[in-house]
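Contents: one structure, followed by commentary.
Bear in mind that the values in this text are calculations on the coordinates, not laboratory data. Owing to the predicted nature of the structure, the values given are computational and were not obtained by experimental measurement.
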Amino acid sequence: MACHTFPDVAWPRGALGPSLENFGGQGLIAGRLPNQPGVLMQFVRSAPAMVPGTAMPVMPMSDQEARDVTAYLLQLKSR
Ligand code: HEM
């Protein structure tokens, strides 16, 4: 929330990272990785390992949390 904007979340609307309001309709993650569930699960936890030099930090979470976050992100569509 501090770094990204999500649909239906009025505040905070973070702007350091890209808006995730239409993320489910997007072809690429960070402009370079295919937007597929397995890849996204790794990216949300370990972005710097997948995109060296990225400003997106490591976000420690359990396997279940990473699955839930991935499912949430993939259904985001701008409305
Ligand atoms: C669990 C929390 C988070 C999730 C689920 C998440 C998710 C994502 C996703 C899906 C992307 C790819 C966006 C795109 O390709 O359009 C992204 C990129 C990014 N995120 Fe996050 N993020 C989280 C936390 C954060 C935090 C805390 C920060 C800031 C400190 C941050 C900063 C960024 C930045 C700068 C990018 C651009 C990466 C690049 O293009 O190299 N994220 N994030």
*How high is the relative contact order of the range 1-65, in percent, with contacts defined as C-alpha pairs under 8 Å that are six or more residues apart?*
18 percent
_For the chain, take N as its residue count and report Rg(C-alpha) divided by 2.2 N^0.38 Å._
1.03
